[in-house]
Amino acid sequence: MTKSSLFYNISQPAKSLTSVYSENERQLFLVGTCDIQQDNEIHLIDYDEDEHRFYSSIFDHPNEVISIASSNHNLKLIATCSSLATSTLKEENSADLFLLSECDPKGSQDNTSELKPLGKLTSKNDPHAVIFSPFDANIVVTLHKSNAILYSIKQGIDTIKNNNVSGEWKKTIFHPSKENELLISHQNSISLIDIRSQVFSLSLSSQFKEIRDFDVNPMRSNYIATCSANAVEIWDVRNSKTSVETLNHHTHWICSVSFNKFHDMLLLTSGTDGLVNLENLFTYSSASLYVTQDDPDFQNFQKPTNGLVKSYDQLEDSCYGVSWSAVDPWIFAALSYDGRFVIDHVPKEEKYKIIL
């Protein structure tokens, strides 16, 4: 039987969620709050599956968190983009590095811990997102309206300029298998950038007005999932003139998409309708490459099929973030704006279709 949903309530609004990717055993997640009226917090949440309960450590963060990232190489190293209202009522954004004073909520007697500032990356040109390189422990990237800045913790900075790419830059991720390539969304398009030559390539354009989020299939990187206010689209970059599939399982704006890093047929989506949808994209997964009509066992193989696996509707407010566990392929977290964090599971029936 699939375990029930488990909730962790934060007393402030929150939009920023990420898994802790440098952890190999525990299910760790980071949440940043975005309260405009009082000091904010970062919650390090440890989900113990055996006990089916949470342990947490809480770190004071002075400003509204609009983006949070965890280093892929250092368990204690995190980065945030935050927003601060100035005396002129104009908001200024800042990107900063921090060290968590401790990373063991279960073993800590006091759940209030210290966040140690390591230094400011930038407060110029209003950074609105920050990511760590999964390949190089020294590389951090901040995203701005019309450029991205690469920081080498050891060697300095480099700037990737707009290069006539239209629209505000919204999100960036590293290519899952190419350490020198970034994908960046801008307006209704996605571009691929070689950070060595700063050459832009691979431009795909959605039929919808704006791409709000995107993710790359980690095992078949020619497939990209994007979401807009209206729909989720699946793209094959080998022919990027039109999407290969459109998913319409939300009733309001769609905020996030995320591929499962272990079983790439699984895709999570969330939206302002409060829904978290689990989709199966078997046709576009690495598993589909190993099942053919010529296989003598094909007729007896109960392969998963494309479609909506389950819609999770426990959240009562807009769900801005979803994140797969970094260590367990069947567990994921979701975060709603009212500060409700939930752990959920892939249904066992779907799990057995995939692994058997």
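The values are calculated or read from the model by the stated rules, or taken from the named source; none is laboratory data. Quick caveat, the model's predicted, so the values are computed rather than measured. Here the Cβ is made from the backbone with ideal geometry for all residues, glycine too, and neighbour counts use every protein chain on show.
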Residue hits (the stretch 206-229; among the polar types (S, T, N, Q), over 23 Å from T251 (Cα atoms) and in contact with a Ser or Thr (Cβ under 7 Å, 6 or more places away or on another chain)) are S221
Kindly indicate the residue of the stretch 155-184 that is among the charged types (D, E, K, R) and modelled with pLDDT under 75 and also nearest to F135 (Cα to Cα) among those meeting that condition.
D158
Could you grab me the full set of residues in the stretch 116-143 that are modelled with pLDDT under 90 and buried (at least 20 other Cβ atoms within 10 Å of the Cβ)?
L121
Any residue in the stretch 297-312 that's more than 13 Å from T269 (Cβ to Cβ) and among the hydrophobic types (A, V, I, L, M, F, W, C): show its pairings with residues that are surrounded by 11 or more Cβ atoms within 10 Å (Cβ to Cβ) and modelled with pLDDT of 55 or more at Cβ separation under 9 Å, as long as the two are six or more apart or on different chains.
F298/V291; F301/V291; F301/D295
Do we find a residue being under 15 Å from the mean Cα position of the chain (by Cα) and within 20 Å of N306 (Cα to Cα) anywhere in the stretch 240-247?
no
Give, as residue ranges, the strands (runs of 3 or more DSSP E) completely inside the stretch 218-271 that count at least 1 residues that are under 14 Å from S206 (Cβ atoms).
223-227, 232-236, 245-247, 254-259
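Condition check ((1) within 20 Å of the chain's Cα centre (by Cα); (2) at pLDDT 95 or above; (3) within 21 Å of T18 (Cα to Cα); (4) among the polar types (S, T, N, Q)) across all residues:
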site: Q207; (1), (2), (3), (4): no, no, no, yes
site: P218; (1), (2), (3), (4): yes, yes, yes, no
site: L289; (1), (2), (3), (4): no, no, no, no
site: D295; (1), (2), (3), (4): no, no, no, no
Could you tell me which residue of the stretch 322-356 is surrounded by the most Cβ atoms within 10 Å (Cβ to Cβ), considering only residues that are closer than 25 Å to L17 by Cα and acidic (D, E)?
D344
Identity of the residue in the stretch 36-57, buried (at least 17 other Cβ atoms within 10 Å of the Cβ) and charged (D, E, K, R), that ends up farthest from S323 (Cα to Cα)
E41
In the stretch 22-33, what count of residues is obtained for those that are under 14 Å from N63 (Cα atoms) and either among the polar types (S, T, N, Q) or surrounded by fewer than 20 Cβ atoms within 10 Å (Cβ to Cβ) (or both)?
1
Would you call C81 touching a Lys or Arg at 6+ places or on another chain (Cβ under 6 Å) and over 21 Å from D328 (Cα atoms)?
no
Here's a check for you: in the stretch 99-115, which residue that is over 20 Å from E25 (Cβ atoms) and modelled with pLDDT of 85 or more is surrounded by the most Cβ atoms within 10 Å (Cβ to Cβ)?
L115
Does the stretch 13-27 contain any residue that is over 30 Å from Y352 (Cβ atoms), over 16 Å from the mean Cα position of the chain (by Cα) and of a type outside the set (A, V, I, L, M, F, W, C)?
yes
When residues of the stretch 34-63 are filtered for being part of a strand (DSSP E or B) and more than 15 Å from S11 (Cα to Cα), how many remain?
6
Give the residue that is surrounded by the fewest Cβ atoms within 10 Å (Cβ to Cβ), with candidates limited to residues of the stretch 58-67 that are touching a residue at least 40 places away in the same chain (Cβ under 8 Å) and closer than 15 Å to K116 by Cα.
D60
If V342 meets every condition in (1) at pLDDT below 95; (2) in a strand (DSSP E or B) apart from one, which number is that one?
(1)
Given the condition closer than 21 Å to H144 by Cβ and in contact with a strand residue (DSSP E or B) (Cβ under 8 Å, 6 or more places away or on another chain), answer yes or no: does some residue in the stretch 98-107 qualify?
yes
Take I78 and decide whether it is assigned to a strand (DSSP E or B), among the aliphatic types (A, V, I, L, M), closer than 30 Å to D136 by Cα and more than 15 Å from the chain's Cα centre (by Cα).
no
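So that you can scan it fast, the table gives a plain yes or no per residue for (1) at pLDDT 95 or above; (2) of a type in the set (A, V, I, L, M):
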residue: R196; (1), (2): no, no
residue: S201; (1), (2): no, no
residue: I224; (1), (2): yes, yes
residue: A229; (1), (2): no, yes
residue: H252; (1), (2): no, no
residue: V257; (1), (2): yes, yes
